[in-house]
Amino acid sequence: MRPPSYVELIQPQPAFRVDGSMHKHAYLSVMNASTTRVRVAVLGASGFAGGELIRLLDAHPDADVTFLGAHGSVGKTLVEVHPNLSSLALGIDVLRDPIAADVAGTADVAFCSLPHGASAALAPSLLEAGVKVIDLAGDFRLPASAYPDWYGFEHPAPDWLGKAVYGLPELFGDQLLGAQLVANPGCFPTSVILGLAPLLSAGLVEPGPIHVDGKTGLSGAGRTQSETTLYASSEESVRPYRVPRHQHTPEMERGLELATGFTPSILFVPHLVPAVRGVVTTSYAPLASGVTTESLTSCLADAYSGRPFVRVMPAGEMVDSKRTRGSNIVELQAVADPRTGTAVVVGALDNLVKGAAGQAIQNLNLILGLDEATALPSLAMYP
């Protein structure tokens, strides 16, 4: 039996105690979600993740997109920035400047798919106006002290960082019901944390040092064109970038610490590959004595039994990002190499769905008390 749906979203005061937990009367208006549709704003609607949010939300039975925001595409229509969405009938089609007061007047929940730093500046005004925020950028994933070093800015709203729920539903879903602010995980950390957390908790692998190799398609770099994402530069090219200072490194470490209590040390090397969608991460962790491929696989299978979006591959089978394309699925596999004392844990997902928009909608569903799979595809596009 699923939990009741939380649908009265405009309860800005007094929703939170000083310690960040919710007051009981923030849940006074609980009813079946089928009687109340949630108004949703998509900020950063002109980007790849923003477009995926709009596409997936069109099938949501309990949500209506009521505001489209974008800084660089103000005044353009949705069809101009996303021709593939031309058949949608949203009732709105012009992208607007995401001014907090305008968003708050038309939406109960805001998906912020904005450049790093922009959400941190905008979200506090939305939250204070009673709008729930699901941030797809990295602006609420880390402690305040980490932002100058890893993101290059002083965080403008440090008081909100402690109230943000890290939105990895398979591990932290019990914290999401009624959450006011959710930090949607990055694409690389999603597969790394899901793959390693159960194994660390079970003592099958050691917390470090852990080496992570990542591969991502070009859409992971965003829609803004650069020399590195031009066809002439990327075709037939595989190249590393931001080594060893990629901003997902501390997120992997913190997510695993939140999930397991261990503080791992991670070296992360991401690579850009000539594909549009898809992420594959390969983590190399110290293997505990006597651990086998079968015990690693069984641990993952038990941890995610019944979860609709985690596919644990049987021992001997390999993940494939192609099998996740367009879906909210993450594939996981684990292999023990006793010769080197290493556990090899591999994850694959669609960076725009489970790595961004799909996971954000999964978080929305859990905030509202809905089935987490509502409006989310589990079948991939293939070939």
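The values are calculated or read from the model by the stated rules, or taken from the named source; none is laboratory data. If you're wondering where the values come from, they're calculated on a predicted model, not measured in any experiment. A quick note on method: Cβ atoms are made from the backbone with ideal geometry, for glycine too, and the neighbour counts reach across all protein chains shown. When the accessible area is computed, the model is the full protein with side chains, heavy atoms only, and any ligands, DNA or RNA have been set aside. Shrake-Rupley method; radii C 1.70, N 1.55, O 1.52, S 1.80 Å.
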- Task: Test residue 123 against the stated conditions and say whether it is of a type in the set (Gly, Ala, Ser), open to solvent by less than 10 Å² (accessible area, probe 1.4 Å), modelled with pLDDT of 95 or more and touching a Leu at 6+ places or on another chain (Cβ under 8 Å).
- Result: yes
- Test residue 335 against the stated conditions and say whether it is in contact with a Ser or Thr (Cβ under 6 Å, 6 or more places away or on another chain) and open to solvent by less than 20 Å² (accessible area, probe 1.4 Å). no
- Pull up region 320-366, narrow it to residues that are assigned to a loop (DSSP other than H, G, I, E, B) and either touching a Cys at 6+ places or on another chain (Cβ under 6 Å) or of a type in the set (Gly, Ala, Ser) (or both), then point me to the one that is farthest from residue 55 (Cα to Cα). 341
- Query: Do we have residue 191 as surrounded by fewer than 24 Cβ atoms within 10 Å (Cβ to Cβ), modelled with pLDDT of 95 or more and hydroxyl-bearing (Ser, Thr, Tyr) here?
  - Reply: no
- Message: Show me the strands (runs of 3 or more DSSP E) entirely contained within region 130-222 in which 3 or more residues are touching a Pro at 6+ places or on another chain (Cβ under 9 Å).
- Response: 210-216
- So residue 305, is it over 15 Å from the mean Cα position of the chain (by Cα), farther than 26 Å from residue 219 by Cβ, hydroxyl-bearing (Ser, Thr, Tyr) and crowded, with 16+ Cβ neighbours inside 10 Å: no
- Message: Among the residues that make up region 57-68, is at least one of them modelled with pLDDT of 95 or more and assigned to a helix (DSSP H, G or I)?
- Response: yes
- Kindly indicate whether any position in region 142-165 is acidic (Asp, Glu) and open to solvent by less than 40 Å² (accessible area, probe 1.4 Å). no
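Quick grid of which residues meet (1) open to solvent by 30 Å² or more (accessible area, probe 1.4 Å); (2) under 25 Å from residue 149 (Cα atoms):
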residue	(1), (2)
207	yes, yes
215	yes, yes
228	yes, yes
231	yes, no
245	yes, yes
255	no, yes
265	yes, yes
301	yes, no
315	yes, no
